[in-house]
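Since every read-out is calculated from the coordinates, none of them should be taken as a lab result. Keep in mind the model is a prediction, meaning the values are calculated, not measured. Please note: Cβ atoms are built from the backbone with ideal geometry, for glycine as well, and neighbour counts cover all protein chains shown.
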Amino acid sequence: MTSQQTVLIVHPPGVVRAALVAAMREAGLRTSEADDLLSAGRLLAEENPDAVVTELRLADGSGSELVARAAGRDDAPVIVAISEKPETRETVIALRSGALDVIERPCSPERVLATLQPALLDRARRMQRRRTEARPASNPRPAIVGQSPAIKAVMEQVARAASAHDTTVLVQGESGTGKELVARAIHYDGPRNERPFMAINCAALNESLLEAELFGYEKGAFTGANGTGRKGLFEAADGGTVFLDEIGEMSAPLQAKLLRVLQESSFKRVGGTQDVNVDVRIIAATNRDLWEEVALGRFRKDLYFRLNVLPIRMPTLQERQLDVAPMAQHFLEHFARALRKPVQGLSADALRMLQEHSWPGNVRELRNVCEYAVIVCDGALVEPRHLALSEHAQPRRQESSTTSTATRESSSVSTINGCTLTVKDRSLRSMEVELIRMVLEQTRFNIARTARELGINRSTLYNKMKDYGLCREERHELRQTV
Ligand SMILES: Nc1ncnc2c1ncn2[C@@H]1O[C@H](COP(=O)(O)OP(=O)(O)OP(=O)(O)O)[C@@H](O)[C@H]1O
Ligand SMILES: [Mg+2]
């Protein structure tokens, strides 16, 4: 452990704090001290400590707010909380918000130190590695925030992919889970980072425009083609990375052309006869089940295997609940800086609301909620009234709450894309049944479109229709058989 490491001790003044300070100093650590949340927030920002030891019950609020704030920082410190009882709601919130451990009062300084030391050692090693690997500032690498096992596994895969110079990567996951973020991280962490990263959404253009965009065209290749011809993305990204988003939407002829790029590193411009050779790494992403597309004959099997050399599956935000607090803090700080607002973090109630939300729109939804909160909040802490959470998403945990029984009994009406969704109660199941029913009716039972609009694959849709007994009657109307 390096002697420069600093521990911020947040505790009312008295013998306990003095004993903690003495033990930390004895162990070669520098200490700084705060009585309450307010001064702790200031020291956190000014001193960027390596560890925070905080009492959860503070004079001006809950220590779990500080935990979330600290855990959301880039290079988050190691956090240990001290609580009266280990099973309180506060303790659970602190752990979910990013505390390494919560130690029961009366706590011995030795116990706190024994918890901190291995984590501080890890942190020192990590910082050292980062310093030696530091890249020039001209390569902005997006921060992947999170500390859940699921996102840590993704970070490891990103590191592996970055060091594998040419290997093609396929990133799969629901919309808003961070697929593009991961693609950028792989590029900027890898040896191609001095060369361009070029992204294109294959679903946004029709086939001929996409072909011209990707492969370029020769002069006179088609009406409107500009006089001199033009380089496509693959040529422009030579030496760098091309990110093909929504690859599942690519037409069969373009899939064939892409396969050739992967096999031979060459292609012809639209209207061209000469082969163009390029050195690009390809990262593809999709929110569809690409293997299912292969099974349905819509995606080439050979291309699938060429793309899927290094697969990365992005977990939904619901699968990494531990990340909600640090991510929210990260986005709040980002928007507070950008919008010059005084927002510093979340109140304990607001944090709990975010942790209980089901996040159907994943990280993008959380980011939007935080942006809105910063816009409407004029104080230091975001409160529940500043959170615009989607109505149709159900709180995560509701079985044990008495209020949820009451709300479940009342019917509810939500408006989605201008259409009214009426459900007999507010259980997630009823919402889902009615949402599927509504989209099926709107698309006139077009299964592919319905699945796309709902952001699920077709087999999942079929299974849900079977489970919920949703089927089409002769007159093309929907009925539910159960
Ligand atoms: N782990 C993370 N840490 C910080 N920001 C994140 C993280 N994951 C996602 N984001 C942010 O959330 C937003 C959505 O991420 P991104 O665009 O990469 O998702 P996506 O999976 O490509 O979505 P879509 O399928 O809709 O294109 C972006 O602003 C991104 O920077
Ligand atoms: Mg994307």
In the structure shown, do any of Lys179/Lys301; Lys152/Lys257; Lys231/Lys257; Lys257/Lys301; Lys219/Lys257 have a Cα-Cα gap over 24 Å, and if so which? Lys152/Lys257
Given segment 6-132, what percent of its DSSP beta bridges are antiparallel, to the nearest 5? 10
Using Cβ counts within 10 Å as a stand-in for footprinting exposure, how do Glu46, Glu453, Glu333 rank, fewest first? Glu46, Glu453, Glu333
Proxy exposure order for Thr88, Thr115 (fewest C-beta within 10 Å first) is Thr88, Thr115
If Lys and Arg each add +1 and Asp and Glu each add -1, what is the summed charge of the other residues whose beta carbon sits under 15 Å from the beta carbon of Leu58? -3
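Name the shape class, rounded, prolate or oblate, that the alpha-carbon gyration tensor gives for segment 6-132, where a ≥ b ≥ c are the square roots of its eigenvalues, rounded holds for a/c under 1.5, and otherwise prolate holds if a/b is larger than b/c and oblate otherwise.
Verdict is rounded for segment 6-132.
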Separation between the Asp60 and Leu262 pseudo-spin-labels, each 7 Å from Cα along Cα→Cβ, expressed in nm? 5.7
Within 10 Å, count the other beta carbons around each residue, average over each peptide in 144-150, 338-344, and list them highest first. 144-150, 338-344
Longest to shortest principal axis, alpha-carbon extents of segment 236-381, angstrom: 63, 34, 22
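Order these by the 10 Å Cβ neighbour count, fewest first: Asp238, Asp75, Asp50.
Asp75, Asp238, Asp50
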Would you mind pulling out the separation of the Cα centroids of segment 229-273 and segment 1-65, in Å? 55
